[in-house]
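Reading through the structure tokens given below for one structure.
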Amino acid sequence: GGGGGGGGGGGGGGGGGGGGGGGDGWRRRRQAEAADVSQRRAREAEAEAKLSEMRAAEIGARCMLQLEEAEEENRRLREAEEESRRLREAEVESRRRREVDEVD
């Protein structure tokens, strides 16, 4: 009976060895998972950077468009001011002529 007990103890030792081997595999699996997570995070960060770059380009394009529109509006305002000035000058000239004609 005692000898049988000793055999059981030996089996337990073998199991412990197997556990050690499993520990190495677990560590390698954890390292591989950590590497996968790192790669995924790096890809996500790269995608976010590209998205930010695209947003910046879109904002830049919108700013350029607004600038062009503002310049066009300024040009129209300058033309309107010039036209208004010409009309005022023509009105003054017309009034002056009428006054000269009345004097004659």
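The values are calculated or read from the model by the stated rules, or taken from the named source; none is laboratory data. A quick note: this is a predicted structure, and the numbers were derived from the prediction, not measured. Every residue, glycine among them, receives a Cβ derived from its backbone with ideal geometry; neighbour counts consider all protein chains shown. We work out accessible area using only protein heavy atoms, side chains counted, and drop any ligands, DNA or RNA first. Shrake-Rupley method; radii C 1.70, N 1.55, O 1.52, S 1.80 Å.
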If I compute solvent accessible area with a 1.4 Å probe over the protein chains, what percent of it on the range 54-104 is carbon and sulfur? 54
Any chance you could run the full-extension gain for Ala90 through Arg40? It's 0.36 nm times the residue separation minus the Cα-Cα distance, nm to one decimal. 10.6 nm
Give me the one-decimal nm value for the distance between modelled label points at Leu51 and Arg78, 7 Å along each residue's Cα-to-Cβ direction. 4.3
Can you give me the accessible area per residue for the range 16-104, using a 1.4 Å probe, in Å²? 90
What's the magnitude of the charge dipole for the range 24-83 around its Cα centre, counting Lys and Arg as +1 and Asp and Glu as -1 at the beta-carbon? Answer in Debye, nearest 20. 1200
